[in-house]
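Notes for the one structure printed next.
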Amino acid sequence: MTGAGTQGSPPTEDLEDLYENAPCGYLSLQPDGRIVKVNRTLSAWIGIPADQLLGKRLHDLLNMPGRIFYETHFAPLLRMQGFFNEVALDLVTSDGRKLPVLANAMERRAEDGALLFTRVTMFQAAERRRYERELVDARAAADAASAMVKSQLELEQETAELREQFIAILGHDLRNPLASIAAAARMLRKEEQTDRATKILDLMQGSVIRMSGLIDNVLDFARGQLGGGITLKRQVEDLEPILRQVIDELRSSHPDRAIEVSIEFDGPINCDSGRIGQLVSNLLGNALTHGTPDEPVRFSAATDEQRLELWIANGGAPISSDAMTGLFQPFFKGEAGTSQRGLGLGLHIASEIARAHGGTIMVSSDDEETRFTFVMPLD
């Protein structure tokens, strides 16, 4: 019966074994800070036999930063409140490796308040310390990213201000002198002129129109590249007068060229008529520049229930397949430069105006004709 009862009772915990082989490190310090007891667990962690640790001070087991922290924070905190919890320390093992631990300490005092010894427990904290370092690194990365975003926003603000200054220079400082030249030419036309003077005034008027178109293209390109984009002011209006005005201006600047026109609209159109006029001016000017001089440039514009379609055709050598790929790119000037080609922005701006209206520009070119066709849905 006794044997059976002994066999069935739970085993008694071995307190000495619990101390020596606990899942944490234990050590006890004398009032002078020297180690008087240490368990096998801590001894195994750092690879130093327990008997060789007796008599050493705790800070002897720490790396240099840990020793400094021990003297400036660890020891004063312990003296002040008699304990501390989860202090991060780095022990140095027998082979020189760093062993991160979290230490907890509690003083044991006599009834008269005299310090008897200090008990210290240590837990390995490599994973926790790594996690904390990752958090610190992540915070540093976030701060750096925030600083970069702030810097980028400041740069974008500076760029926006530069854009506005640039557009103001083009819009004001270039347009005003051009307007003065145009006004002076109109005043001279009211006076009697020789045939030679009249021809010079015609050239001046053509140059004014061309220069005004170049300024419009550069302004639109600047807005598009610097963030403003092509702006539209759409409204339902009669588009034909605008188109005929554009055609008449180009006729006056190219008096030796024939332009055949066909316009058939069913009614007012919801669009930005000024922008559509600019698109036509760019396409028609391109046709007059590159088309065969002895053949007319043909212009057609018409609407049906669903769309507006206009096209401009000219005779001359066809556009090569290589040139086709870059035709609507900014500053594209084709395969052979001429003094009349300008900045190479006209077709690019025309394509951007078409896109802003939800439309497209298509090109076909062969030995008979080169045709640019703009198609836009009617809302």
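Here are a few things to note about the model shown:
- Some residue of the stretch 223-238 being surrounded by 12 or more Cβ atoms within 10 Å (Cβ to Cβ) and at positive phi: yes
- The stretch 177-192 - residue that is among the small types (G, A, S) and surrounded by 14 or more Cβ atoms within 10 Å (Cβ to Cβ) and, of those, farthest from M211 (Cα to Cα): A185
- The set of residues in the stretch 34-48 being assigned to a loop (DSSP other than H, G, I, E, B) and crowded, with 16+ Cβ neighbours inside 10 Å consists of N39, I48.
- Scanning the stretch 282-302 for residues that are of a type in the set (V, I, T) and open to solvent by less than 20 Å² (accessible area, probe 1.4 Å) gives a single hit, V297.
- Test: residue in the stretch 216-232 that is modelled with pLDDT of 80 or more and either in a helix (DSSP H, G or I) or farther than 30 Å from L162 by Cβ (or both): no
- Any hit, the stretch 191-202, residues being out of contact with any Cys (no Cβ under 9 Å at 6 or more places or on another chain), part of a helix (DSSP H, G or I), at pLDDT below 80 and not hydrophobic (A, V, I, L, M, F, W, C): yes
Table: residues versus (1) over 22 Å from I230 (Cβ atoms); (2) in contact with an Asp or Glu (Cβ under 7 Å, 6 or more places away or on another chain).
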{"residue": "D266", "(1), (2)": "yes, no"}
{"residue": "S273", "(1), (2)": "no, yes"}
{"residue": "V280", "(1), (2)": "no, no"}
{"residue": "G291", "(1), (2)": "yes, no"}
{"residue": "L308", "(1), (2)": "no, no"}
{"residue": "W311", "(1), (2)": "no, no"}
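- M106 being surrounded by fewer than 17 Cβ atoms within 10 Å (Cβ to Cβ) and touching a strand residue (DSSP E or B) at 6+ places or on another chain (Cβ under 7 Å): yes
- Hits in the stretch 68-87 - residues which are in contact with a strand residue (DSSP E or B) (Cβ under 6 Å, 6 or more places away or on another chain), open to solvent by 30 Å² or more (accessible area, probe 1.4 Å) and either of a type in the set (F, W, Y) or part of a strand (DSSP E or B) (or both): F83, N85, E86
- Residue pairs whose Cβ atoms lie under 7 Å apart, sitting 6 or more positions apart in sequence or on different chains, and linking a residue in the stretch 90-103 that is crowded, with 17+ Cβ neighbours inside 10 Å to a partner that is basic (K, R) and not in a loop (DSSP other than H, G, I, E, B), are D90/K98; V92/K98; P100/R129.
- Residue check: P31 meets all listed conditions (1) farther than 21 Å from A125 by Cα; (2) crowded, with 16+ Cβ neighbours inside 10 Å but one, namely (2).
- Contacts under 7 angstrom Cβ, first residue in the stretch 256-269 being among the aliphatic types (A, V, I, L, M) and modelled with pLDDT under 95, partner assigned to a loop (DSSP other than H, G, I, E, B) and open to solvent by 50 Å² or more (accessible area, probe 1.4 Å), 6 or more apart: I269/L378
- Criterion applied to M64, M122 was being closer than 20 Å to L29 by Cβ and either open to solvent by 100 Å² or more (accessible area, probe 1.4 Å) or modelled with pLDDT of 90 or more (or both), and the one residue passing it is M122.
- Scan the stretch 252-275 for residues that are outside any strand (DSSP E or B) and farther than 19 Å from L214 by Cβ and the total you get is 10.
The values are calculated or read from the model by the stated rules, or taken from the named source; none is laboratory data. Just so you know, these numbers come straight off a predicted model, no measurement behind them. All Cβ positions, even for glycine, are placed from backbone atoms using ideal geometry, and neighbour counts span all protein chains on display. The area values use the complete protein model at the heavy-atom level, side chains included, leaving out ligands, DNA and RNA. Shrake-Rupley method; radii C 1.70, N 1.55, O 1.52, S 1.80 Å.
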